[in-house]
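To keep things clear, I will list the structure first and then write my remarks on it.
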Amino acid sequence: MNDQLRSKSEIASSKSKSLDMKLEVVVIPVSDVDRAKQFYASLGWRLDADFVVGDAFRVVQFTPPGSPTSIHFGKGLTSAVSGTAQGLFLVVSDIVAARAELIGRGATVSEIFHRAGPGQPAVSGPHPTRQTYSSFATLSDPDGNTWLFQEVTARLPGRVDGDQTTFASAADLANALRRAAAAHGEHEKRTGGAYDENWPDWYAAYIVAEQAGKELPQ
């Protein structure tokens, strides 16, 4: 009986745990592999692989800077028509800087636009208060596959593990520190302008709360 109970307990425990399932690769359809390879290289994306097997199969892998997910394109990968990958999201922490960098690399990027809320019409320019999730720009590759840049500086509650804080790159961390510094400046004004000796603790609390979508310290 004890063995049966233990077995049932172990099964229940295993069912309560979720295995990590990380999105690794997104396949995009292209008509000219070498042209696509040149385009994504020009964006500054990392070339991870270019494997050729005979005349019927080729896979090229690129990874955007700071991204845990890569893209594949090539031959023999998908039956989708080239250019039909639409609205692929790329999250950036500063959409103005991201757009300027891509234009500097020779890419054609749309003007920045924003939405007052979900389903609302697009309005020219970044969101007036740079509200997270609200500012966008678009980019198309030579086949017409489209990418949507979205500025995200704080996640909505429940979308990030509140016990973990991670950054995909030094640039993301630097931008988080800049936002924390600006917010801390306002904090010091509210407290009479006195120097806050515990500013590292305040910064840390702000950055963790911002990433987890929790109430920010004042």
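Readers should treat all values here as calculations from the given coordinates under stated rules, not as data from a laboratory. This structure is a prediction, so every number in the text was calculated from the model and none was measured. Using ideal geometry, Cβ is built from the backbone for each residue, glycine included, and neighbour counts are taken over all protein chains shown.
Against the 2.2 N^0.38 Å scaling, with N counting residues, where does the stretch 138-218 land? I'd like the Cα-based Rg ratio to two decimal places.
So the Cα radius of gyration is 1.39 times the expected 2.2 N^0.38 Å.
For ARG105 and GLN218, FRET efficiency with R0 = 41 Å and r from the beta-carbon atoms, rounded to 0.05?
Here the calculated transfer efficiency is 0.55.
Take each of the peptides 180-193, 133-146, average the number of other beta-carbon atoms within 10 Å over its residues, and list them starting from the highest.
Peptide ranking by packing, descending: 133-146, 180-193.
With no solvent and one equal point scatterer per Cα, compute the Debye intensity ratio I(q)/I(0) for the stretch 25-151 at 0.15 Å⁻¹ and report its log10, rounded to two decimals.
The computed values of log10 I(q)/I(0) come out as -0.72.
Could you calculate the contour length gain from THR191 to GLN120, that is, 0.36 nm times the residue separation minus the distance between their Cα atoms, to one decimal place in nm?
Here the answer is 21.8 nm.
Could you compute the net charge surrounding GLN131? Neighbours are other residues with a C-beta less than 10 Å from the C-beta of GLN131; K and R count +1, D and E count -1.
+1
At 24 Å minimum axial length over the Cα atoms and a Kyte-Doolittle cut of -1.0, report the qualifying DSSP H helices in the chain, or say none. Don't skip to the answer; put the middle values down first.
Details: long enough: 170-190 (30 Å, -0.77).
Flagged H segments are 170-190.
List the residues of the stretch 51-73 whose backbone N lies under 16 Å from a point placed 7 Å from the Cα of VAL27 along the Cα-to-Cβ direction.
It comes to 51-53, 56-62, 70-73, nothing else.
Looking at the chain, send over the antiparallel percent of its DSSP beta bridges, to the nearest 5.
Antiparallel bridges: around 75 percent, rounded to the nearest 5.
How many nm separate the modelled label positions at SER169 and THR138, each set 7 Å beyond the Cα in the direction of the Cβ?
The answer from the label model is 2.4 nm.
One quarter of the convex hull surface, Cα atoms only: what value does that give for the chain in nm²?
19.3 nm²
Given a Förster radius of 25 Å and the C-beta distance between ARG130 and ASP50 as r, what FRET efficiency does 1/(1 + (r/R0)^6) yield to the nearest 0.05?
FRET efficiency, ARG130 to ASP50: 0.05.
Please identify every one of the chymotrypsin sites (Phe, Trp or Tyr not before Pro) in the stretch 189-218 that sits in a loop by DSSP and has no more than 11 other beta carbons within 10 Å of its own beta carbon.
Answer in residue order: TYR195.
Suppose the chain between LEU19 and SER67 were pulled fully straight at 0.36 nm per residue; how much longer would it get relative to their current alpha carbon spacing?
Numbers: separation 48, 0.36 × 48 = 17.28 nm, distance 2.08 nm.
Computed gain between LEU19 and SER67 is 15.2 nm.
Taking the Cβ of ALA107 as the center, what net charge do the other residues with Cβ under 13 Å away carry, scoring Lys and Arg +1 and Asp and Glu -1?
It works out to a net charge of 0.
Once the piece of chain linking LEU88 and ASP201 is laid out straight, how much longer is it, given 0.36 nm per residue of separation minus the C-alpha distance between them?
Gain on stretching LEU88 to ASP201: 37.0 nm.
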